Amino acid sequence: MTVPDFVQAKSEGRRLAMLTAYDFLTASILDAAGVDSLLVGDSLGMVVQGRESTLPVTLEQMIYHGEMVSRAAKRALVIVDLPFMTYQVSAKQAVRNAGRILKETGCAAVKLEGGEQQAKTIAALAACDLPVVAHVGMRPQSIRKYGRMSAIQRDEQQLLADAKAAEAAGAFAVVLELIPQSIAKQITEELSIPTIGIGAGPHCDGQVLVTPDMLGLSGFKPRFVKQYGDLQGAITSAATAYINDIRDGEFPAAEHSHD
Ligand code: KIV
């Protein structure tokens, strides 16, 4: 899957399946399962590092995780998030940091939060042939400005303007997070690049979920997340069985031991 393949999926009416990944093993499994794209999201700050927001995530951490995921991906398009304050200062800063991500991880593209506000930066990245995905709607890196996630930008005209500005500036896809399905539908119809929704309804060209949420590992169960597994339950029963086996002297048994 290349960037042009990803874009072409829209004109061919093929829906795109994207999941987040942060490590080699999980990325290998998701890639072999046939996911179209793996997003190394800065959500890793919350689901991997256990922090309360994505703000503390560093460029070095994104490169560390992005490299493992890129190495695992045999087919999926790997996209790595530019974390907070690695692109907002200037277009020059964004180009330098996105360039490092592409060079040092082997990924195909970067993602940044913003539309109209980041149009110049998106254009600067595109001018250097650094493929870029924009992220509009609920933007977790803006949490300090808005105070709580649910207060982040729901003005419909602004959402449309953001998505259009991102496309005009050269983004090859747009993530739409937590926006009404009617406006996601309008954006999807008016853009020629793919829209990837999360909590944005069924009309987007593709969907993305945070993998530990959809696998039932994180315990985060908002309405927009469909649970496709119960890994928390599976890990708890495996760990409990292991603990009990040790306490009962059942493990290691003869077949697990060497003479
Ligand atoms: O960081 C992330 O995982 C994301 C997705 C929620 C789209 O940006």
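The values are calculated or read from the model by the stated rules, or taken from the named source; none is laboratory data. This one's a predicted model, so the numbers in the text were calculated from it and none came from an experiment. Counting neighbours? That spans all protein chains shown, and the Cβs are built from the backbone with ideal geometry, glycine included. To get the accessible areas, we keep the full protein, side chains included, count just its heavy atoms, and leave off ligands, DNA and RNA. Shrake-Rupley method; radii C 1.70, N 1.55, O 1.52, S 1.80 Å.
Cβ-Cβ distances below 7 Å connect the following pairs, each with a first residue in the range 79-95 that is part of a helix (DSSP H, G or I), a second residue that is surrounded by fewer than 22 Cβ atoms within 10 Å (Cβ to Cβ) and of a type in the set (D, E, K, R), and a separation of six or more residues or different chains: A91/K120.
For the range 180-222, filtering for residues that are over 25 Å from A33 (Cβ atoms) and of a type in the set (D, E, K, R) leaves 3.
Determine, yes or no, whether G216 is among the small types (G, A, S) and either over 20 Å from G13 (Cβ atoms) or part of a strand (DSSP E or B) (or both).
Yes.
Within the range 38-52, the set of residues being open to solvent by 10 Å² or more (accessible area, probe 1.4 Å), at negative phi and more than 7 Å from the ligand (Cβ to nearest atom) comprises M46, V47, V48, Q49, R51, E52.
Residue-level analysis places Q88 among those that are closer than 22 Å to A124 by Cβ and surrounded by fewer than 24 Cβ atoms within 10 Å (Cβ to Cβ). Once the range 103-122 is narrowed to residues that are open to solvent by less than 40 Å² (accessible area, probe 1.4 Å) and assigned to a helix (DSSP H, G or I), the residue that is farthest from the ligand (Cβ to nearest atom) is A119. Which of the residues spanning the range 196-247 are under 23 Å from D31 (Cβ atoms), of a type in the set (D, E, K, R) and open to solvent by 70 Å² or more (accessible area, probe 1.4 Å)? Passing the criteria: K226, D230. What is the one condition in (1) touching a strand residue (DSSP E or B) at 6+ places or on another chain (Cβ under 9 Å); (2) under 25 Å from F24 (Cα atoms); (3) of a type in the set (F, W, Y) that F172 does not satisfy? Failed condition: (2). Count of the range 201-224 residues, restricted to those that are of a type in the set (V, I, T) and out of contact with any Gly (no Cβ under 8 Å at 6 or more places or on another chain), is 1. Looking only at the range 127-177, which residues are under 23 Å from A9 (Cα atoms), within 15 Å of the ligand (Cβ to nearest atom) and among the hydrophobic types (A, V, I, L, M, F, W, C)? Those that are under 23 Å from A9 (Cα atoms), within 15 Å of the ligand (Cβ to nearest atom) and among the hydrophobic types (A, V, I, L, M, F, W, C): V132, V133, A134, V136, A163, A166, A171, A173, V174, V175, L176.
For residues in the range 36-74 being in a loop (DSSP other than H, G, I, E, B) and under 15 Å from A109 (Cβ atoms), which is nearest to the chain's Cα centre (by Cα)? It would help to see each step written out before you state the result.
Residues of the range 36-74 that are in a loop (DSSP other than H, G, I, E, B), as a first pass: 36, 41-43, 48-58, 73-74.
Checking which are under 15 Å from A109 (Cβ atoms) leaves us with 36, 41-42, 73.
Values: D36: 12, G41: 4, D42: 7, A73: 15 Å.
Filtering first and then ranking leaves G41.
State whether one or more residues within the range 198-210 are within 16 Å of the ligand (Cβ to nearest atom), of a type in the set (D, E), under 25 Å from D5 (Cα atoms) and in a helix (DSSP H, G or I). Within the range 198-210 (the criterion being within 16 Å of the ligand (Cβ to nearest atom), of a type in the set (D, E), under 25 Å from D5 (Cα atoms) and in a helix (DSSP H, G or I)), the answer is no, since none of the residues qualifies. Can you pull out the residues in the range 139-197 that are of a type in the set (A, V, I, L, M), within 18 Å of F224 (Cα to Cα) and part of a helix (DSSP H, G or I)? Answer for the range 139-197, where residues must be of a type in the set (A, V, I, L, M), within 18 Å of F224 (Cα to Cα) and part of a helix (DSSP H, G or I): M149, A151, I183, A184.
Table: residues versus (1) on the phi < 0 side of the Ramachandran plot; (2) acidic (D, E); (3) not assigned by TED's automatic domain parsing to the domain that holds R100.
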residue	(1), (2), (3)
G147	no, no, no
L160	yes, no, no
G170	no, no, no
I179	yes, no, no
L191	yes, no, no
T195	yes, no, no
G201	no, no, no
T211	yes, no, no
S237	yes, no, yes
